[in-house]
Amino acid sequence: MVTVLGEAVVDLVQGPDGRFTAHPGGSPLNVAVGLARLGVPATLLARFSTSRFGRILRAHADANGVDLRHAVDTDDPATLAIASLDDDGVATYDFYVDGTADWQWRDDELSPALTSRGILHTGSLAVFRSPGADRVADALRTARAERALISIDPNIRPGLLGTPAQARARVEELIRLAHLVKASEEDIAWLYPGRPVEDVLRHWRDLGAALTVVTLGAGGALALSGTRTFRQPAPAVEVVDTIGAGDAFTAGLLAALSRAASGWPNEEIAAALRYAVEVAAVTCTRAGADPPYRHELSNPDQPGTSA
């Protein structure tokens, strides 16, 4: 079982005709849906607005087989993200986040995240936005003490996080609790200006993470575990947009690692990277955060061993 903790966001994406279309999104929701489509039992601990947008988000998770038994319903409005695409299909976002449902956590609402000894994944705005972020961090500490495996994806949104130094302090606080850290090269460039990616991965390893991973867009992925470095190129695909690609990668990585027989030996890590890169590549070939189902992959019966 993988429990995903964090926000569910409506992505308003502008099409070529100038009209906006609403897509379910938000990094944690995308990861939970991606896991469920890959056949991994996934629970989403999120706060859903009872507004029309919130109902769309909840229905999307439910229709994809995500376990919502611990999700919270609230009258707070849903968070909105306005996505703009450049000529290469790469998305940038403007967010409407003040007073929205995703950051208003109470301790009793988070208690279900503390009982599982499987994988607990979180990240993105949920670990930065007050007042809920401190409660999320406390939940991670308790879950770690209960022997859950902690996975973090900072998924940086620069306009909402203050200075890089402020965000870096929070990220490093969380990494000290984590077993797995995944980030994009854009995240690292913003958090650690001018610092080489591999140096940052080593720094995160030294903070205590057992596996540190960075996605490199068309360059694939790079990972570090102990003294071993792993590099996985990405397949060439025709990109429609990159919305949700990083979250699809995270879902693929967690799906493969969750099935590891014992620990994360080198061969399991290498296979998980291959699998995650393929999952992300397929997502890039279609509009919005639309991760693949297991049967759409080149080797659906053996996660992490696709060519």
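The values are calculated or read from the model by the stated rules, or taken from the named source; none is laboratory data. In this text, all values refer to a predicted model and were calculated from it rather than measured experimentally. For neighbour counting, all protein chains shown are included, and Cβ atoms are generated from backbone atoms with ideal geometry for every residue, glycine included. To get the accessible areas, we keep the full protein, side chains included, count just its heavy atoms, and leave off ligands, DNA and RNA. Shrake-Rupley method; radii C 1.70, N 1.55, O 1.52, S 1.80 Å.
Any residue at all in region 209-227 that's touching a strand residue (DSSP E or B) at 6+ places or on another chain (Cβ under 7 Å), within 25 Å of Val277 (Cβ to Cβ) and open to solvent by 30 Å² or more (accessible area, probe 1.4 Å)? The answer is yes, given that some residue of region 209-227 is touching a strand residue (DSSP E or B) at 6+ places or on another chain (Cβ under 7 Å), within 25 Å of Val277 (Cβ to Cβ) and open to solvent by 30 Å² or more (accessible area, probe 1.4 Å). Suppose the filter is surrounded by fewer than 17 Cβ atoms within 10 Å (Cβ to Cβ), closer than 18 Å to Leu222 by Cβ, out of contact with any helix residue (DSSP H, G or I) (no Cβ under 9 Å at 6 or more places or on another chain) and not acidic (Asp, Glu); does Arg202 pass it? Considered against the rule, which asks whether it is surrounded by fewer than 17 Cβ atoms within 10 Å (Cβ to Cβ), closer than 18 Å to Leu222 by Cβ, out of contact with any helix residue (DSSP H, G or I) (no Cβ under 9 Å at 6 or more places or on another chain) and not acidic (Asp, Glu), Arg202 comes out as yes.
For region 36-88, filtering for residues that are of a type in the set (D, E, K, R), under 22 Å from Gln104 (Cα atoms), open to solvent by 20 Å² or more (accessible area, probe 1.4 Å) and in contact (Cβ under 8 Å) with a residue 24 or more places away in the chain leaves 6.
As a summary of the residue check, Asp138 satisfies the conditions (1) farther than 15 Å from Thr79 by Cα; (2) not in a helix (DSSP H, G or I) except for the one numbered (2).
Considering region 235-255, the residues that are modelled with pLDDT of 90 or more, open to solvent by less than 10 Å² (accessible area, probe 1.4 Å) and out of contact with any His (no Cβ under 8 Å at 6 or more places or on another chain) include one that is farthest from Thr215 (Cα to Cα), namely Ala255. Scan region 261-285 for residues that are open to solvent by less than 50 Å² (accessible area, probe 1.4 Å), closer than 16 Å to Gly217 by Cα and not polar (S, T, N, Q) and jot them down. Hits for region 261-285 are Leu273, Tyr275, Ala276, Val277, Glu278, Val279, Ala280, Ala281, Val282, Cys284.
Taking each residue of region 150-171 that is on the phi > 0 side of the Ramachandran plot and looking for partners that are buried (at least 19 other Cβ atoms within 10 Å of the Cβ) and of a type in the set (Gly, Ala, Ser) with beta-carbon atoms closer than 8 Å, six or more apart or interchain, yields Asn155/Ser27; Asn155/Gly123; Asn155/Ser124; Asn155/Ala183; Asn155/Ser184; Asn155/Gly246.
I'm told Trp105 meets every condition in (1) in a loop (DSSP other than H, G, I, E, B); (2) open to solvent by 20 Å² or more (accessible area, probe 1.4 Å) except one. Can you identify the failing condition by its number? It fails just one condition, (2). Of all residues in region 143-172, those satisfying the criterion of being assigned to a helix (DSSP H, G or I) and either buried (at least 18 other Cβ atoms within 10 Å of the Cβ) or under 18 Å from the mean Cα position of the chain (by Cα) (or both) are Ala143, Pro158, Leu160, Ala167, Arg168, Arg170, Val171, Glu172.
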